[in-house]
Every structure is written in structure tokens, then in C-alpha cells.
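The structure appears below as C-alpha cells.
Each reported figure results from applying straightforward, stated rules to the coordinates on display, with no laboratory input. Quantities reported herein were computed from a predicted structural model and do not represent experimental measurements. FYI the Cβ positions are ideal-geometry reconstructions off the backbone, even for glycines, and counts take in every protein chain you see.
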Amino acid sequence: MASLPDRVLFGAAYYHEYQPHDRLKTDLDLMAEARFTVIRVGESVWSTWEPEDGRFDLDWLRPVLDGAHERGISAVLGTPTYAVPPWLARRYPEIATESATGRRVGWGARQEADFSHAAFRFHAERVSRAILARYAGHPAVVGVQVDNEPGLRLPHNEGVFQRFVDHLRAEYGDVDALNRAWGLVYWSHRLTDWSDLWRPDGNAQPQYDAAWRAFLARQTTEFVAWQAAIAREYTRPEQFVTTCLSYPHVALEDDELTDALDVTAGNPYYTMQNSLALPDPTPEDHEQVWQTRGVWTLYQSADRMFSSRQEPFLVTETNASAIGAPWDNKPAFDGQWRQAAWAFVARGARMIEYWHWHTLHFGAETYWGGVLPHSGRPGRAYAEIAQLGAEFETAGALVAGIEPDADVAMVYSTPSKWLMQKYPPLARPDGGPDGASYHRIFDSFYRGVFDAGGQARVYHARQLHDPHGERDGTAPQALARKHPVLIAAGLYLADDATLDWLDAYARAGGHLVLGPRTGYGDQEARARAEAAPGRLTAAAGVWYDEFANLDEPVPVRAVPGGRLDLPDGTAATRWIEGLTVTDAEVLAEYQHPHFGRWPAVTTRPHGAGRVTCVGTVPNRGLARALAAWLTPTRRSGWSWLPESVTATTGTAPDGRRVHVVHNWSWQPAQLSAPTALSDVLTRARFRTGALIELGAWDVRVFVSAPNL
């Protein structure tokens with residue numbers, strides 16, 4: 001089994017082959033001075049590794065690896081299969097991905113190839129084996145990254161479609177079974193033969209789309225597993241094999257893909273400067289994409305990476321400076337590099353690696369800033385990143401692999417997200433379909449937990465009723481003990497076993513929170529032939545079969561004398577479910593002449609636990625109030641914090657308690673120590689109740705010191 005060093009790996013992607021002149025020694029010396037411990041190399045330049053078909057040039061990397069090793073810097077060796085060389089595209093034009101049937105993606109960017117095509121596989125395997133045979137055994141190489149950000153496209157190539165048909169034949173047995181499962185009597189879509197299945201381009205059947213998207217994600221999973229198996233033929237037991245994930249990619253199911261890897265690695269990018277301020281200035285309706293916005297999204301990105309394997313992870317790429325297009329230049333304010341890096345480490349990151357070392361002088365990413373600017377001279381970014389390197393060296397093993405705390409667990413459903421991208425339940429302000437509907441629902445609850453000062457753990461629906469649940473701690477009884485609150489919002493696609501698991505979780509003592517759309521469809525995206533939430537109406541004490549979109553927010557008020565306290569400004573947004581009470585307690589209601597007939601929030605005891613239903617997408621005020629009610633005491637132990645301050649806590653590998661405290665503001669902040677603490681970086685010590693000061697955009701790292 002692969003192992004990781006007993007400190008946070010720290011460094012950047014390094015492409016000496018991109019430098020306009022030779023400065024290898026200068027670069028490596030600067031990295032060593034910045035306390036770099038890792039670089040990532042080689043993953044983007046297939047045409048350099050193999051400039052012509054069958055002619056390999058492998059020697060150019062050796063000086064980089066040798067020089068890194070001499071300075072105590074490790075390397076993650078990449079296979080270059082995501083960037084096809086021109087000669088391969090010219091010789092095999094048929095390997096181009098088709099964005100729609102017969103419509104090839106043009107060459108000139110990256111990830112243009114159908115990675116399932118036999119010709120591509122032959123050449124990808126050949127170049128990967130050549131690189132691995134030469135360098136996997138190099139003493140600098142600590143791990144291998146296969147491919148890069150897989151799952152970018154939804155290929156419609158002939159071979160992909162025919163494999164999809166073969167998959168359906170194996171899954172359903174005959175066309176009659178498929179006709180029944182997908183309801184193909186509708187609009188005269190019944191098949192008489194497998195050859196009758198139409199292409200996905202014009203498809204309007206949700207059941208087809210759910211199966212198609214899941215199949216394409218499995219192709220990505222299979223491709224990465226295939227490469228990982230090749231890599232393991234060359235790696236040593238202590239070396240890890242991974243790939244780096246961009247979580248918004250369309251053909252990616254991260255929890256399944258990472259089964260074939262040794263560790264999760266992800267690429268979280270975020271908007272810096274004012275977007276990292278608290279209180280959060282991000283508009284409530286802002287759509288989060290590959291570059292997220294808002295402090296809460298840093299934590300959600302980390303929690304998503306942790307969720308893939310339910311264990312600490314690597315950050316393979318993140319902001320070194322301004323990122324993205326030439327017109328989007330927002331390098332960090334002083335302090336924000338430290339803040340983001342420590343936020344990721346506090347939630348389980350075992351590596352922080354920037355993309356990339358030097359800002360490129362050519363290409364599509366000329367203005368995607370590196371640790372060094374175009375001049376190559378160390379500047380503000382280098383100085384702060386070097387400070388981080390020293391801090392990670394000081395902190396050592398204490399912060400390498402923190403098990404983050406969680407006040408609330410949340411269920412994530414990638415299949416529900418896919419379905420809602422094409423068949424969204426929510427509308428945009430202009431009345432059009434909102435393809436971000438799933439995250440509108442999920443994020444409202446996650447952000448509410450964050451705004452209330454809580455911490456969340458994300459679980460994929462598949463992980464809940466894994467056959468090894470007892471072993472992995474995801475049996476209902478075990479999870480109810482570990483996470484007394486579980487939120488399932490937007491879980492539209494769910495089989496009976498998943499819904500029964502949720503019921504069992506509440507009966508075992510957990511507090512189950514059901515949000516909009518959960519339990520409405522089955523695993524085939526068919527609307528269930530029962531009142532919603534499916535299989536959970538008895539446990540919830542409510543049911544509904546009517547729902548409505550909202551053109552504008554509807555105020556929500558707490559029931560007088562009830563257990564829920566709601567401040568002014570709490571509201572329902574976008575969606576209302578007409579909850580009908582059978583034997584639940586109403587906690588909140590809509591202030592509206594029509595929608596007021598239904599409750600907004602209900603709760604009911606169930607077994608040893610409780611089920612609470614939220615029939616709308618809560619605005620920030622309502623979501624925060626709900627989270628505060630769900631978790632009146634926080635595991636962090638920090639009972640009161642200024643509005644610009646967050647406290648993130650977890651358990652170090654040696655069992656000690658780690659506290660990472662941020663001030664996301666220009667204004668200094670003061671707070672009281674909730675327990676005796678020792679500052680990991682300065683060695684300053686604080687007794688319980690002692691005053692702690694944080695400067696502008698500051699972060700401090702503490703360890704509990706019970707003997708103080």
C-alpha cells in the first residue's frame with residue numbers, strides 16, 4: 001500500500017520545458033529556499049516525450065529530477081495522455097471526440113481525443129510505459145499522476161454509443177425489460193430491437209439521459225483505472241498512484257473513479273481578493289463553476305475532495321496568483337495565500353501544490369499566474385508562498401492528514417446533479433431552466449451550516465449503503481453515532497435501499513433532514529408512484545404531491561412558541577413543496593395568502609431519532625437559522641466568533657486536537673481561547689479565556705494543550 005510523507009507536501013507544477021531559456025538551477029534553488037518538498041512534472045507534453053510516432057525523447061527530464069532530488073524535493077510524475085500530439089491527430093483523425101454524433105471537436109486545445117478508441121489506447125499505453133519505465137524508479141519520484149482532469153467532455157463517438165448499447169443489453173437482458181424500465185411506451189419510443197435505440201443528441205427521455213450520463217462517467221472511471229493498473233507495474237509499494245480531478249467536469253463520478261487510486265487529488269480554484277471576505281459579499285444567486293467564489297466554497301471544495309474516499313487528499317493544483325483569462329486578474333491580497341492553504345489543510349489536505357511555478361510566456365494560459373511572474377524574479381507571491389513552506393515545515397507531522405470535524409453530514413448525489421442539469425426543477429430569474437439546480441439546493445444547506453459556524457462532512461449516496469458499511473462505519477447505527485445530523489437535500493434519484501437506509505439512520509438515533517426533491521424519483525429517474533418523500537412519509541409525518549416554483553422569495557416565520565427561532569429576513573426561494581401534515585410538528589410557515597396553507601419546516605420523532613422536512617430552498621437567513629437549531633453546540637468548542645472569523649477543527653494523526661483560526665477581513669479581530677492552546681507556529685501559549693489577536697487576512701494554527 002502506498003504511503004505519504006509525514007508532513008504536508010508543498011510545491012508547484014514545474015515545467016522546465018516551457019521556460020524560454022535554461023534556468024533550472026535558479027528555479028530549483030528558489031524552490032529549496034521556499035521549503036518546497038514536491039513538484040509535478042511531465043503530464044502536459046506528449047509531443048515532447050514522443051515527437052514522432054515511435055521515436056521517444058526521454059532524457060530531457062532527468063536533470064530536473066536529479067536536481068530536485070539533490071535538494072530534497074520529491075516529484076509527482078505525470079503521464080501525458082490528456083494532450084494529444086499533432087502527429088497522432090493527423091494520422092488518426094477518427095480518434096477526435098465528437099461533441100455530438102458526427103461533429104468532431106477541433107484540434108488545438110486539449111482532451112480532444114476519444115480515450116476509448118483503440119488507436120488512442122495503443123499510443124497512450126506505449127508512451128506511458130516508456131516514461132514509467134525510465135523514471136518511475138527515480139529516487140525523486142514519490143508518486144504517479146495518470147492523465148489530467150479527466151471527464152471534461154461527453155463523447156458521442158460511434159464506438160462509445162455501441163458500447164452503451166452493449167451495456168444496456170447486459171444490464172437489462174432484453175428490449176422489453178428496457179421498455180418497461182424506461183417507460184418507452186411514452187411518445188411511441190418502444191424498442192423492438194437493440195438497433196432501434198436512438199442517438200443521445202435529440203433525446204428527451206429522462207431515463208435515457210440518466211443512464212447515458214452514468215455510462216459516460218464509467219468510461220472515465222475505466223480509463224483512469226486502466227492507466228493506474230499500468231502505472232502500478234512500474235511503481236514501488238511506497239509510491240502512490242492518482243489523477244487530479246476537476247470536480248465540475250461533466251463525465252466524472254469522483255467516488256467511483258477514486259476506487260482505483262491510492263489517494264484522491266483535486267484542483268480547487270477560487271476567486272481571490274474581495275471574494276474571500278467575511279461577511280460574504282457573494283450574491284446569493286451566484287452560480288459556482290470551476291472557479292468558486294466565497295469563503296464557504298473553499299471549505300466545500302475541500303470537503304468534496306475528502307468525500308471521494310472519506311480520507312485525507314492531495315491538492316494538485318490551486319491558485320498561485322491570478323487565474324483564468326487575460327481579463328480576469330485578481331491576485332491575492334497579502335495573507336490570502338496562507339489563508340486558503342491552511343483552510344485546505346484544516347479539512348484534510350496532505351499536499352498543497354500550486355499551478356504553477358513560472359507564469360507562461362506563450363500559450364492559452366499566458367495570464368494564468370504562477371509563483372514567479374513573467375520576469376522570473378521572486379515577488380510578492382513567492383514571498384508569501386515561501387512563508388507557507390516554512391510554516392508547513394514547522395508544523396510537520398501534526399497537520400499532515402487531519403481528520404476534520406463535522407457538526408453535520410450531508411448526502412451528495414452526482415446522478416441527481418446530472419439529471420437536474422438537463423431537467424432542472426428550478427428556474428433562472430428570466431424563467432429559463434437553471435442547469436445549476438442541484439447545487440442551488442445542496443449549496444443552500446451547506447452554506448447555512450458554514451454561516452452558522454459549523455463544519456460539514458459530505459458523503460456520496462453510494463457510500464451510505466455500501467455492502468461493507470459495518471466495516472467502514474457507514475451502517476445507519478454507526479453513522480448516527482458519528483454524525484448525529486444528516487442532511488439529504490436534492491436527492492432526487494434514489495433507489496429503495498438508499499431511502500430505507502435514511503429511515504434506518506433516523507430510527508437509530510440520527511436527526512435526518514429532508515430537503516427539496518429528495519425521494520421523489522427512483523434510480524431510473526422515474527417519478528415514484530407514491531406521495532413524496534418516497535418511502536419516508538411515515539417517518540417524516542408529512543407528505544406532498546403538489547409543488548410550485550417561486551418567482552420571488554416568500555417570507556417565512558417561526559411558529560409562535562415553537563422550538564425554532566428565525567430572525568427577520570428569512571425566506572423561501574425558488575421552490576415550495578405542499579407539505580401536508582399527518583402527525584408532525586410545524587416549526588415554520590410561509591407568510592403568503594396561498595402558500596401559507598402549507599408548512600415550510602416540520603419535524604417529528606422517529607424511533608430513537610428525528611426527521612425534519614424543509615419544503616423549500618432556504619435563503620441564507622433561513623438556512624443559517626436551521627443549521628443553528630440543528631447544532632446548538634459546535635464540535636469546534638469555539639462558542640462565539642466575530643463575523644469575520646472562522647474556526648476549523650480536527651484531529652491530528654497522533655490524536656491531538658488542531659484548531660485553525662482565520663480572520664477573513666481587513667479589520668483585526670480578537671477572540672477568547674475556548675480551552676488551553678499552544679500556537680503551532682510561534683509556540684505562544686494561551687490559557688482558557690485568554691485573548692487571541694488576529695491581524696488582517698490572518699490565520700493562526702493551534703493545538704490543544706490540556707496540561708497548560
| task | Give the order of I95, I487 when sorted by the count of other beta carbons within 10 angstrom, beginning with the fewest. | result | I95, I487
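Calculate how large, on average over all directions, the projected area of the Cα convex hull of segment 406-630 is; give the answer in nm² to one decimal.
It is 11.3 nm².
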| How much net charge surrounds A170 when only the other residues with a Cβ under 15 Å from the Cβ of A170 are counted, with Lys and Arg +1 and Asp and Glu -1? | -1
| remark: quick shape note, segment 248-318: Cα extents on principal axes in Å, largest first -> 40, 23, 18
| message | What whole-number distance in Å separates the alpha-carbon centres of segment 272-299 and segment 235-268? | response | 25 Å
| request: Excluding residues fewer than 8 places away in the same chain, name every one of the lysines whose C-alpha is closer than 29 Å to that of K482. | output: K417
| Positive minus negative residues near E585 (Lys, Arg vs Asp, Glu; Cβ under 11 Å) | +2
| Theoretical gain in end-to-end length, W194 to R380 [0.36 nm per residue, Cα-Cα removed] | 60.8 nm
| message | Is the C-alpha gyration tensor of segment 1-131 telling us rounded, prolate or oblate? Criteria: a/c under 1.5 is rounded; beyond that, a/b larger than b/c is prolate, otherwise oblate. | response | prolate
| Taking amide H positions as placed 1.01 Å from N in the peptide plane, with prolines and chain starts having none, which residues 5 or more places from Y544, or on another chain, fall under 5 Å of its amide H? | A532, T580
| Which residues' amide hydrogens lie under 5 Å from the amide hydrogen of Y412, considering only partners 5 or more residues apart or on another chain, with H built in the peptide plane? | Y459, H460, A461
| Between segment 631-674 and segment 1-49, the Cα center-to-center distance that results, in Å | 34 Å
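Among F686, F442, F122, what is the fewest-to-most ranking by other Cβ atoms within 10 Å?
Values: F686 18, F442 25, F122 10.
Going from least to most buried by this count: F122, F686, F442.
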| said: Shape verdict for segment 507-620, please, from the Cα gyration tensor: rounded (a/c under 1.5), prolate (a/b greater than b/c) or oblate. | reply: oblate
| Spatial separation of Cα centroids for segment 148-227 and segment 680-708, in angstrom | 55 Å
| said: How large is the direction-averaged shadow of the alpha-carbon convex hull of segment 99-172, in nm²? | reply: 7.1 nm²
| How about segment 649-708: which trypsin sites (Lys or Arg not before Pro) there lie in a loop by DSSP and see at most 12 other Cβ atoms within 10 Å? | R683, R687
| task | Just need the relative contact order of the chain here, percent rounded to a whole number, with Cα pairs under 8 Å and 6+ apart. | result | 11 percent
| Counting other C-beta atoms within 10 Å, which of E365, E98 has the fewest, and how do the rest follow? | E365, E98
| said: Show me, bin by bin at 10 Å from 0, the whole-percent P(r) of segment 645-704 based on Cα pairs. | reply: 24, 57, 18, 1
| query | In segment 596-655, which chymotrypsin sites (Phe, Trp or Tyr not before Pro) are in a loop and have at most 10 other Cβ atoms within 10 Å, using DSSP for the loop call? | reply | W640
| note | Evaluated at 37 °C and 0.692 mPa s, the Stokes-Einstein D of the chain based on the Kirkwood radius over Cα pairs, in µm²/s, stands at 123 µm²/s
| Tell me, what HN-Hα J-couplings in whole Hz come from the Karplus equation 6.51 cos²θ - 1.76 cosθ + 1.60 at θ = phi - 60° for each residue of segment 502-508, using x for Gly and Pro? | 4, 4, 5, 4, 5, 4, 7
| J(HN,Hα) series, segment 97-114, from Karplus relation 6.51 cos²θ - 1.76 cosθ + 1.60, nearest Hz, glycine and proline x | 5, 9, 6, 8, 4, x, 10, 6, 6, x, 7, x, 10, 7, 6, 8, 8, 6
| query | Restricting the count to DSSP beta bridges whose residues both fall in the chain, what percent are antiparallel, rounded to a multiple of 5? | reply | 55 percent
| remark: Spelling it out for Y269: with amide H atoms placed in the peptide plane at 1.01 Å from N, the residues 5 or more places away or on another chain with amide H under 5 Å from its amide H are T292
| query | What order, most packed first, do the peptides 169-175, 451-457, 301-307 have when packing is the mean number of other Cβ atoms within 10 Å of each residue? | reply | 301-307, 451-457, 169-175
| query | Karplus couplings for segment 11-17 from phi (6.51 cos²θ - 1.76 cosθ + 1.60, θ = phi - 60°), rounded to Hz, Gly and Pro as x? | reply | x, 7, 5, 10, 10, 4, 5
| query | Shape of segment 354-471 from its Cα gyration tensor (a ≥ b ≥ c, root eigenvalues): rounded if a/c is under 1.5, otherwise prolate when a/b > b/c, or oblate? | reply | oblate
| said: Against the empirical 2.2 N^0.38 Å scaling, what ratio does the C-alpha Rg of segment 42-239 come to? | reply: 1.25
| task | Run down the aspartates and glutamates and flag those whose C-alpha is under 16 Å from the C-alpha of K25, throwing out any fewer than 8 positions away in its chain. | result | E17, E33, D66, E70
